[in-house]
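Visitor: Shown below is the structure under consideration.
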Amino acid sequence: ERTIIDSDRMELQGEATRNVFRFIGNVRITGTNLEARCDEMELVSLREGGDGEDDELISQIGGIVSLIAKGNVRIEQEGRIVEGGLAKIFPKEGYLEITDKPKFIDSSGAIVTGKSIKLERGNRRAIIEPADDGPRARVILPPMEDLGVDLDKLIDPEESSDQPDTPENSPTDP
């Protein structure tokens, strides 16, 4: 499926080796397993074909070098959500970094927050940096299932530690 970007306004600047697309206002991106929204976005792609001296505005659009999303950023992909004020995506290098009150929510419902969150493609790695003077890096996990341990049966307040070990009062192996 093609990736489609639409916005209230778009500017395009063709340069010798690259194209710079600026999307302004209500930016929406849809593609294969991807939906994203933000206030503004700048996308830089390589220019292919031509010698950089021609008068063509775009020439051939090559690979994406970077994508910078600003303001109310929300990216959803394969059950994961990333939110924050600024997202920088570098496809060739294989990472996304989100700052300005970043939040990452995975498909299990776990929530990760910090000063910045860097997600690396391919190796399931996230690096969360704490704020300089604010809250530390944090993860909030879904509730744990009941482990089935009855603490009342494990701890008997009437049992004294000075009683000798006898078959009647010693613990048994399960």
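The values are calculated or read from the model by the stated rules, or taken from the named source; none is laboratory data. All figures in this text were calculated on a predicted structure; none of them were measured in a lab. Using ideal geometry, Cβ is built from the backbone for each residue, glycine included, and neighbour counts are taken over all protein chains shown. Heavy atoms of the whole protein, side chains included, go into the accessibility calculation; ligands, DNA and RNA do not. Shrake-Rupley method; radii C 1.70, N 1.55, O 1.52, S 1.80 Å.
Visitor: Looking at the stretch 140-163, can you tell me whether even one residue there is at pLDDT below 75, closer than 30 Å to residue 83 by Cβ and either in contact with a Lys or Arg (Cβ under 6 Å, 6 or more places away or on another chain) or among the small types (Gly, Ala, Ser) (or both)?
Guide: Looking through the stretch 140-163, none of the residues is at pLDDT below 75, closer than 30 Å to residue 83 by Cβ and either in contact with a Lys or Arg (Cβ under 6 Å, 6 or more places away or on another chain) or among the small types (Gly, Ala, Ser) (or both).
Visitor: Of everything in the stretch 119-131, what is part of a loop (DSSP other than H, G, I, E, B) and among the aliphatic types (A, V, I, L, M)? Give them in sequence order.
Guide: 131
Here's the yes/no breakdown for (1) in a loop (DSSP other than H, G, I, E, B); (2) open to solvent by 50 Å² or more (accessible area, probe 1.4 Å):
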{"site": "81", "(1), (2)": "no, no"}
{"site": "84", "(1), (2)": "no, no"}
{"site": "89", "(1), (2)": "no, no"}
{"site": "97", "(1), (2)": "no, yes"}
{"site": "117", "(1), (2)": "no, no"}
{"site": "133", "(1), (2)": "yes, yes"}
{"site": "136", "(1), (2)": "yes, yes"}
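Visitor: How do the pairs read when you match residues in the stretch 1-15 that are among the polar types (S, T, N, Q) with residues anywhere that are part of a loop (DSSP other than H, G, I, E, B) and surrounded by fewer than 11 Cβ atoms within 10 Å (Cβ to Cβ), using Cβ under 9 Å and keeping only pairs 6 or more apart or on different chains?
Guide: Between residues of the stretch 1-15 that are among the polar types (S, T, N, Q) and residues that are part of a loop (DSSP other than H, G, I, E, B) and surrounded by fewer than 11 Cβ atoms within 10 Å (Cβ to Cβ), the close pairs are 3/32; 13/57.
Visitor: From 46, 57, which residue is touching a Gly at 6+ places or on another chain (Cβ under 6 Å), modelled with pLDDT of 85 or more and not polar (S, T, N, Q)?
Guide: Criteria check complete, one pass: 46.
Visitor: Give 26, 33 a once-over and let me know the one that is free of Cβ contacts under 8 Å to residues at least 24 places away in the same chain and either among the β-branched types (Val, Ile, Thr) or at positive phi (or both).
Guide: 26 is the lone residue from the list that is free of Cβ contacts under 8 Å to residues at least 24 places away in the same chain and either among the β-branched types (Val, Ile, Thr) or at positive phi (or both).
Visitor: Right, something else. Output the residues belonging to the stretch 1-34 that are open to solvent by 50 Å² or more (accessible area, probe 1.4 Å) and of a type in the set (Ser, Thr, Tyr).
Guide: Scanning the stretch 1-34 gives 3, 17, 32.
Visitor: Does the stretch 73-96 include one or more residues that are at pLDDT below 80, under 21 Å from residue 22 (Cβ atoms) and in contact with a strand residue (DSSP E or B) (Cβ under 8 Å, 6 or more places away or on another chain)?
Guide: no
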